[in-house]
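Take a look at the structure below.
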Amino acid sequence: MLSHSLDHGVLVITVHEDPGIGGRASLLTQISALVEAYRPAPVVVVLDEPATQGAAVSVVLRVHRLCSRLGMLMSVATASAPTRRVLEANADTAGTRLVVHARTDTAVAAAYAAAA
């Protein structure tokens, strides 16, 4: 369901499938642990096509709030235009802005440049 890597000092977390309502808490816990472990590295969450449903999107929005509280840069990459619109419309505006990209390489390059 989840994999991660470091790309030029950027933590890239890929969600491969939607966890459903029952798996949402587990996914949030796993991603939060990675964010804490790699802190202060910027974070890019990649949503593969099967992960562009409600539960995974909800988790991404919660992780964005966590990153904002920690003062960490976070962005999302997903090829799904409807999912990008949902993320942009529902992102927390009180902290660090959530940047949503269509491509992973663009998201990683932008996160790397912003952190430099």
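The values are calculated or read from the model by the stated rules, or taken from the named source; none is laboratory data. Remember, predicted model here, so these are calculated numbers, not experimental data. Reconstructed Cβ throughout: ideal geometry from the backbone, glycine too, with neighbour counts over all protein chains shown. Note: accessible area is taken over every heavy atom of the protein model, side chains too, but ligands, DNA and RNA are not part of it. Shrake-Rupley method; radii C 1.70, N 1.55, O 1.52, S 1.80 Å.
When you scan segment 69-92, do you find a residue that is open to solvent by less than 30 Å² (accessible area, probe 1.4 Å), among the hydroxyl-bearing types (Ser, Thr, Tyr) and more than 10 Å from the chain's Cα centre (by Cα), even just one?
Yes, there is a match, as at least one residue in segment 69-92 is open to solvent by less than 30 Å² (accessible area, probe 1.4 Å), among the hydroxyl-bearing types (Ser, Thr, Tyr) and more than 10 Å from the chain's Cα centre (by Cα).
Results for (1) buried (at least 18 other Cβ atoms within 10 Å of the Cβ); (2) closer than 17 Å to ALA107 by Cα; (3) not hydroxyl-bearing (Ser, Thr, Tyr), shown as yes or no for each residue.
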residue	(1), (2), (3)
LEU6	no, yes, yes
VAL10	yes, yes, yes
GLY22	no, no, yes
VAL35	yes, yes, yes
ALA56	yes, no, yes
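Kindly evaluate GLU17 against the criterion of being open to solvent by 70 Å² or more (accessible area, probe 1.4 Å), acidic (Asp, Glu) and within 19 Å of VAL108 (Cα to Cα).
The answer is no for GLU17.
What is the one condition in (1) touching a helix residue (DSSP H, G or I) at 6+ places or on another chain (Cβ under 8 Å); (2) part of a helix (DSSP H, G or I) that ARG84 does not satisfy?
Exception for ARG84: condition (1).
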